[in-house]
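Participant: Let me begin by handing over the structure; questions about it come next.
The values are calculated or read from the model by the stated rules, or taken from the named source; none is laboratory data. All values derive from a computational prediction rather than experimental measurement. Please note: Cβ atoms are built from the backbone with ideal geometry, for glycine as well, and neighbour counts cover all protein chains shown. Accessible surface areas use protein heavy atoms only, side chains included; no ligands, DNA or RNA. Shrake-Rupley method; radii C 1.70, N 1.55, O 1.52, S 1.80 Å.
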Amino acid sequence: MDEQNNPLLDTNQVIEERREKLKALREQGNAYPNDFDRRDFAAALAEKHGGAEREALEGAAITVSIAGRMMLKRVMGKASFATLQDMTGRIQIYATEGDLGKDLHDAFKHWDIGDIVGAEGTLFRTKMGELTVRVTTLRMLTKSLRPLPEKFHGLTDQEIRYRQRYVDLIMSEDTKRTFRQRTLIIQALRNFLIERDFLEVETPMMQPIPGGAAARPFVTHHNALDMDLYLRIAPELYLKRLVVGGFEKVFEMNRNFRNEGMSTRHNPEFTMLEFYAAYTEYQGLMTLIEKMLAQVAQQAVGTSRLTYQGREIDLGKPYDRLTITGAIRKYHPEYDEAVLNDRAGLITRLEALKAPYKPSDGIGGLQLSLFEATTESELFQPTFITDYPAEVSPLARRNDANPEITERFELFIAGREIANGFSELNDADDQAARFQDQARQKEAGDAEAMHFDADYIRALEYGLPPTGGAGIGVDRFVMLLTDSPSIRDVILFPQMRPEGNEA
């Protein structure tokens, strides 16, 4: 029974029939050969010969060797057409009994969609004008035992697309395009910094003390040392150690791990770009990031003017710069200065909004909670938010004019945080005091508060020059440039619940 003409066949029945075909291949010899010499690719052939006239192709007798997954097949008696898909695209092949012999052509008629095939032959153009390989050699390289999704509907279950990314990539050119663009985006981010004399480095993923962010870490155990270690929540403290050591401009494209909930914006394993520059402060970082994002967008996707989920975003023009309270007043003028500076009133409004906050927070922390509850989601165009309170910024330098706030910013685009940066705190005594405050909060039950890192304090005591540092959420930036609504759309293998426990 030909499964191509029976799309309603039970999957288990299809697998059983394909295994019978594999059994027959094994009886004939090596069912998984690896000696086929693929020399040509679909896209390169189309680019080089796609414009050639039919007569010119026939006269040139161009021989090619291609290989790929069979995605379409049409059998017409003593001749057959099929489409092979390789890493660059698709190309059609034409097989006849006269060119291959009756036995091989008959066997080919029973090969299945999804099989990986090698073919050699000459290029020609069909009457319909399609560039095609007339095959003289045809080999089964890998038997596909599972059927691909039905061609007209593809892989429509979003959960399965994330779990079985290999099938998603086979079936969806859009998915492949997204991840090709992701690679180009990461490459462009690297190049931007390397061109400005930043040194790319690597720092530990397993750390004895998790630091550099307020987050709950994953814990593992090192048997030989008999000690617990933490998967990195941020590389920040190690990168600043390197600035102390004299690497004055460093960056790392790093994987971080945070033991937190999952959403369209959160995955417990994610990619960050962090970079640090001596003799730079937070205002200079904001200007640098504006240039970086616009240039990377232009290089990776061809434009700095994007459409994200139906709305236009311009990365190429100067970004708004607002304080936390200024942003609240701009988008919610009902919160005037009196309200924003009344601690009891802020708590009342946060409770009315059912917004999370820490009862121990001062006015600055409560203002930030109100901003997150009311205003953050409205910052669609690129906007830097500044003047973060010191109480929620334990690694940032205090503002000289107002020590209650820090020289810190966060960049929001499409209603979500894309970057975070600040003038680094290089006063070892101030940093030690803030670590101690964090340690007290941890003892009081705050699982995301930082540990006291004595070695980092020792490094600061050797002297950290005035430094600016920032982190960019690479996954969220890729979401923006590829118009992807969920972070899972831009991570090849996102974290999922075990199969059967999706609820």
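Participant: Roughly how big is the stretch 393-436's charge dipole about its Cα centre, with Cβ charges of +1 (Lys, Arg) and -1 (Asp, Glu), in debye to the nearest 20?
Facilitator: 180
Participant: Match the structure shown to one of the listed values [x] 1.09; [y] 0.97; [z] 1.06 of Rg/Rh (Cα atoms, Kirkwood Rh), computed from it, and give that label.
Facilitator: [x]
Participant: Can you return the lysines within cross-link range of Lys354? Criterion is Cα-Cα under 26 Å, with same-chain partners fewer than 8 residues away left out.
Facilitator: Within reach: Lys330, Lys442.
Participant: Once R0 is set to 30 Å, what does the formula 1/(1 + (r/R0)^6) return for the Cβ-Cβ distance between Gln164 and Glu27, expressed as a FRET efficiency to the nearest 0.05?
Facilitator: Approximately 0.45, to the nearest 0.05.
Participant: Quick one: with all protein chains in place, what share of the accessible area of the stretch 215-336 is carbon or sulfur, to the nearest percent (1.4 Å probe)?
Facilitator: 48
Participant: In the chain, with Lys and Arg counted as +1 and Asp and Glu as -1 at Cβ, which of these residues, Tyr279, Thr126, Leu169, has the Cα nearest the positive end of the dipole, that is, farthest along it?
Facilitator: Ranked along the dipole, the leading option is Thr126.
Participant: Under 25 °C and 0.890 mPa s, how fast does the stretch 185-344 diffuse according to Stokes-Einstein, given a Kirkwood radius computed over C-alpha pairs? Answer in µm²/s, whole number.
Facilitator: So the translational diffusion coefficient is about 130 µm²/s.
Participant: Against the longest principal axis of the chain, how steep is helix 363-374, in degrees 0 to 90 to the nearest 10, with axes from Cα atoms?
Facilitator: Helix 363-374 and the main axis of the chain meet at about 30 degrees.
Participant: OK, next. Under the rule that an exposed site lies in a DSSP loop and has at most 12 other Cβ atoms within 10 Å, name the longest stretch of the chain with no chymotrypsin sites (Phe, Trp or Tyr not before Pro) of that kind, not counting the sites themselves.
Facilitator: After excluding every exposed loop site, the longest remaining stretch is 280-503.
Participant: Reachable lysines from Lys143, Cα under 28 Å, same-chain residues fewer than 8 places away excluded?
Facilitator: Output for Lys143: Lys21, Lys23, Lys73, Lys78, Lys102, Lys109, Lys151, Lys176.
Participant: Based on Cβ point charges of +1 for Lys and Arg and -1 for Asp and Glu, what charge dipole magnitude is obtained for the stretch 315-431 about its Cα centre, in debye rounded to the nearest 20?
Facilitator: 400
Participant: Here is a follow-up. Could you point to the residue in Phe247, Leu480, Pro147 farthest towards the positive end of the chain's charge dipole, with +1 and -1 charges on the Cβ of Lys/Arg and Asp/Glu respectively?
Facilitator: Pro147
Participant: Sticking with this one: If you average the alpha carbon positions of the stretch 338-364 and of the stretch 107-178, how far apart do those two centres end up, in angstrom?
Facilitator: 58
Participant: Now for a different question. Mind checking the per residue accessible area of the stretch 1-118 for me, 1.4 Å probe, whole number of Å²?
Facilitator: Averaged over the residues of the stretch 1-118, the accessible area is 58 Å².
Participant: Hey, any idea what the orientation-averaged projected area of the convex hull of the stretch 39-181's Cα atoms comes to, in nm²?
Facilitator: So the mean shadow area of the Cα hull is 9.4 nm².
Participant: Quick one: how many Å² of Ile209 are accessible to a 1.4 Å probe, rounded to 10?
Facilitator: Answer for Ile209: close to 50 Å² accessible.
Participant: Over the stretch 195-343, average the accessible area per residue using a 1.4 Å probe and give it in Å², no decimals.
Facilitator: 49
Participant: Which value at 222 nm does the chain reach when only helices count, each DSSP H run of 4 or more adding -39,500 (n - 2.57), with the total divided by all residues and rounded to the nearest 500 deg cm²/dmol?
Facilitator: Counting only the DSSP helices, I get -10500 deg cm²/dmol.
Participant: Return, for the Cα atoms of the stretch 367-503, the radius of gyration and Dmax in Å, separated by a comma.
Facilitator: Gyration radius and largest Cα-Cα distance of the stretch 367-503: 18.1, 57 Å.
Participant: If you rank Met253, Met87, Met286 by how much accessible surface each has, with a 1.4 Å probe, what is the order from largest down?
Facilitator: Ranking Met253, Met87, Met286 by accessible area, largest first, yields Met87, Met253, Met286.
Participant: Now a separate question. Taking a cut-off of 18 Å between Cα atoms, list the lysines near Lys240, but don't count ones fewer than 8 places away on the same chain.
Facilitator: Filter leaves Lys249.
Participant: Shifting gears a bit: In debye to the nearest 20, how big a dipole does the chain give about its Cα centre with +1 on each Lys and Arg Cβ and -1 on each Asp and Glu Cβ?
Facilitator: Once rounded to the nearest 20, the dipole reads 1660 debye.
Participant: Let me ask something additional. For the stretch 282-418, which semi-axes, largest first and in whole Å, follow from the square roots of 5 times the eigenvalues of its Cα gyration tensor?
Facilitator: Square roots of five times the eigenvalues give 29, 18, 11 Å.
Participant: Take the solvent-accessible surface of the protein heavy atoms, probe 1.4 Å, and return the percent of it on the stretch 450-497 that carbon and sulfur atoms account for.
Facilitator: 51
Participant: Can you give me the long-range amide H partners of Ile418? Hydrogens built in the peptide plane at 1.01 Å from N, cutoff under 5 Å, separation of 5 or more residues or another chain.
Facilitator: Leu411, Phe412, Ile413
Participant: Through the Karplus equation 6.51 cos²θ - 1.76 cosθ + 1.60, θ set to phi - 60°, convert the phi angles of the stretch 82-98 into ³J(HN,Hα) values in whole Hz; use x for Gly and Pro.
Facilitator: Once rounded to whole Hz, the list reads 8, 10, 9, 10, 10, 5, 9, x, 10, 8, 8, 10, 10, 10, 10, 4, x.
Participant: Would you tally the net charge around Ser304, using a Cβ to Cβ cut-off of less than 9 Å, leaving Ser304 out, and scoring K and R as +1, D and E as -1?
Facilitator: So the surrounding residues net to +1.
Participant: What accessible area, in Å² to the nearest ten, does a 1.4 Å probe give for Glu337?
Facilitator: 100
Participant: While we're here: Please list the non-local residues whose amide H lies under 5 Å from the amide H of Phe218, H modeled 1.01 Å from N, same-chain partners needing a gap of 5 or more.
Facilitator: Those qualifying (amide H under 5 Å, at least 5 residues apart or on another chain) are Leu231, Asn259.
Participant: Using only the alpha-carbon atoms, how far is helix 173-194 inclined from the longest principal axis of the chain? Give it as 0 to 90 degrees, nearest 10.
Facilitator: So the helix axis and the longest Cα principal axis differ by about 50 degrees.
Participant: Using a 1.4 Å probe over the heavy atoms of the protein chains, calculate the carbon and sulfur portion of the accessible area of the stretch 1-113 as a whole percent.
Facilitator: That fraction is 48 percent.
Participant: Please determine, in degrees from 0 to 90 and to the nearest 10, the orientation of helix 343-352 with respect to the longest principal axis defined by the Cα atoms of the chain, where the helix direction is its Cα long axis.
Facilitator: That helix lies at roughly 30 degrees to the long axis.
Participant: Here's a follow-up. Test of understanding: express the Cα radius of gyration of the stretch 210-256 as a ratio to 2.2 N^0.38 Å, with N the residue count.
Facilitator: Normalised Cα radius of gyration, the stretch 210-256: 1.35.
Participant: For the charge dipole of the chain, defined by +1 on Lys and Arg C-beta atoms and -1 on Asp and Glu C-beta atoms about the Cα centroid, which residue among Gln207, Tyr357, Ala396 has the Cα displaced farthest towards the positive pole?
Facilitator: Looking along the dipole axis, the top candidate is Gln207.
Participant: Counting only the heavy atoms of the protein chains, how much of Ile194 is accessible to a 1.4 Å probe, in Å² to the nearest 10?
Facilitator: 80
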